[in-house]
Every structure is written in C-alpha cells, then in structure tokens.
Amino acid sequence: MNKERLLFITGYFPFAQGGAELQAYYLAQKCRDFAKVAFIYRNHAIKKKGKVADDGFLLYPINPVKVFLLRRTFFFEGAQLWKRGLMKFRPTIIYYRGMNAYLYFVAVHAKYYKSKLIIHIASDPDLLRPARVKKSPGYLLKRFCFNIAHAIIVQTEYQAHLLEKNFNRRAMVIPNGHPIPPGCFKKSNKEISILWIANWKPIKRPEMFVKLVEQMSNVENVRFIMVGRNEGYPNLIDRALRNGIEVMGEISNGRVNDLLAKSHLLVNTSRHEGFSNTFVQAWMRKVPVVSLSVDPDGIIEKRGLGLYSGSFTQLIKDIKSLISDSHRLQQIGENARKYATQYHSIDNFNRIRRIMNDSGAPRDRNT
C-alpha cells in the first residue's frame, strides 16, 4: 500500500523554536507511519532542495526575498513554495498551521490537484472580519482558502465562534498536545523563580515584564528570568539586566522544560495568543500562570490554573499574593498538573490523524 504524501507548511522545529512549530513537529512524528512527511518553510538554514533531515523528514526551504514591496515578496516567495514544495513533492495531504500569504498558493494547489488541505489556526486575530469586506482582498482570499479546506482546526471554542461568525465555517476544536513529564519536580523553598517565555516582539510585550520587575524591586528572594529570541531589543536587554533579570535568549525546548520544572510561576504579558504552548508546559510541571491580557476560553480563571489579571496594576498584586502564599501556590500547581495531563496530552494528535485519514468530503462546512 502506497503511503500518503504529507506536506507541512510551517516552520521546521529544530530551526524555529516557536510553539506552532513544536506542535507541527509532534504531529509529524505521529504521522510518519502512514505518510511520507516533508516540510516547506521560510528559513536560511538549509538551501539545498529536498535535503533529508536527521529525523527522516524531507526539507524544502524557501529563501526569504528581502524587498520592501509586499507584492514582490508574495510573488517570489510564493513561486518558490509552488515550485520547490507543492509541485516537487506533490502532496496528497497538506497541513497548514498559521496564517500568511502562502495560504493562497496552497489552496489553489489543493483545489486543482485534489490535495486534502487541513488548516490549523494559530491566533485569534487571524479570524477577525474587517469592517469593509469588499475593500479587504486579504479577507476575501482567506475566505476562499477556508472554503477549499477539508477541515479547519482551532485551539479554543472562542476561535470556533469567530470562524463560524465571520467565515461561515465550522471548526474542530483540538487542544494543543504535549508529552506528559514525570510528576516529581524539585522547586526551591528558599527562592521563588518567575519566568517569562516568548520570542521578543511587540505582540508579546517584553517591556511589560521588565516594568513589572522594576515595580517589584523591594521583594526579596525572587529570581526573574526571561527566555526567548531577543534580537532588536538592545536597550530593553540592558534595562532588564540593570534590574537583575536573567536574560537567557533563545534556548532549546528541553531546557525550557527543565527551567519550568524548577520554577514557581509563569508570567504572560502578550497582547494576543491562540493558546500558548508555554501555558501547557508550565501546567504540566505544576507551575501556575499569571496572565496580563490572555485567558483562552476563560480556563485560567474557571479551572483554577493561575490568575488572569486584566491590568498591569492587578498583575503586580496577583504575583505578590501568590508568591507570599506557598500553600496556595502549591495547590494551584497541583490542580494545573491534573488539568494539563487530562486535556493536553500528546494523544490529542490522534484526532488530527483521523482527519487526515478521512477520505470523505469535508464534514464541517456550513450549508
């Protein structure tokens, strides 16, 4: 029996350390028994077409086009996507995670070459509807792509609501999945470790964490750590270091998990998220989350997985209240562990496998 040809259009995890890339990599590992797996992605790391990675996956990198005109970038990089990945690999299944201009080329290929397109939404703003639809070609192209898709996967019920309201498509809600680590974590009783984990960019608002530490300068026995790629923020890095923050830069996912296993609290200052993978990684290691602006489907509050602050002033109060109450901190951590292992195990990817193996017509389109 011939294997399916499964093409992932997303960052390739060893080269890109984001949560979406990690989830795609976990899924790819789950699919290698029934499919020949390839990745096409925007990256400088490997320029040789069709190179086989150490894990056996085929790699088709797109060389970024450094121009200032969006239309030229769209055309030249889209041409590479079409020629190097879609026409070279000829996928029978395409898994597309995220939302960018590549999706249009992918949808056209899926329509005319009868590939099964599965779109996995990464962020809430990807599902918003502009005020003036007729003057928004981006929205119209996105709607075309969604109509072509065999299935659309979302991370939260809120995303499912946005998709149905703004694009007249039903979604399959499948939470992110992670390997469940052993349950014994050694956390210091003398010093509280507070982590901030994200690639430094405006939507993640790293400056808010630095400001938070400045406001907590009189709190003793607390260790503050920032993890994530931080190019382009030299002044903020200097400011963080002056305030005693350990700035670690980008580190491997394994080291992130090791840090979380020894830490007491994860702080999130993002303006938007889909469903942060670091939330799940923290909860599995008994680490409560204190979030400034993000609470997917309200589960942090409803499930008792940490605290949702809603304002910077409240964020400071919430963190101080938790680190001063070790019993409460431990209770929330235990509860978070139970929740994460029940709802976010690696077995969630079996549901996506079933969608890939479903040979019928799309079942989730509204009529």
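The values are calculated or read from the model by the stated rules, or taken from the named source; none is laboratory data. In this text, all values refer to a predicted model and were calculated from it rather than measured experimentally. All Cβ positions, glycine included, derive from the backbone under ideal geometry; neighbour counts span all protein chains shown. Only protein heavy atoms, including side chains, enter the accessible area calculation; ligands, DNA and RNA are left aside. Shrake-Rupley method; radii C 1.70, N 1.55, O 1.52, S 1.80 Å.
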Worksheet item: Given the conditions (1) among the hydrophobic types (A, V, I, L, M, F, W, C); (2) surrounded by fewer than 22 Cβ atoms within 10 Å (Cβ to Cβ); (3) in contact with an Asp or Glu (Cβ under 9 Å, 6 or more places away or on another chain), and given that PHE224 satisfies all but one, which numbered condition is not satisfied?
Response: (2)
Response to the item:
Of the candidates LYS211, LYS142, the one satisfying the condition of being over 23 Å from the mean Cα position of the chain (by Cα) and either open to solvent by 30 Å² or more (accessible area, probe 1.4 Å) or more than 30 Å from LEU236 (Cα to Cα) (or both) is LYS211
Worksheet item: How about region 47-68: which of its residues are at negative phi, in a loop (DSSP other than H, G, I, E, B), modelled with pLDDT of 55 or more and not aliphatic (A, V, I, L, M)?
Response: ASP54, ASP55, PHE57, ASN63, PRO64, LYS66
Worksheet item: So how many residues does region 337-359 have that are in contact with a Lys or Arg (Cβ under 6 Å, 6 or more places away or on another chain) and within 30 Å of MET216 (Cβ to Cβ)?
Response: 2
Response to the item:
Among ARG271, ARG223, the single one that is assigned to a loop (DSSP other than H, G, I, E, B) and charged (D, E, K, R) is ARG271
Practice prompt. Please determine, by comparing only the residues of region 312-351 that are in contact (Cβ under 8 Å) with a residue 12 or more places away in the chain and outside any helix (DSSP H, G or I), which one is least open to solvent (accessible area, probe 1.4 Å).
Written response: HIS344
Discussion item. I need the full set of residues from region 237-293 which are touching a His at 6+ places or on another chain (Cβ under 8 Å) and aromatic (Phe, Trp, Tyr), in order please.
Written reply: TRP283
Worksheet entry | Which listed residue is of a type outside the set (Asp, Glu) and surrounded by fewer than 16 Cβ atoms within 10 Å (Cβ to Cβ), from PRO206, PRO125, PRO175 | PRO125
Item to complete: Mind telling me which of the residues LEU103, LEU81 ends up being closer than 19 Å to ARG5 by Cα, under 18 Å from the mean Cα position of the chain (by Cα) and not polar (S, T, N, Q)?
Response: LEU103
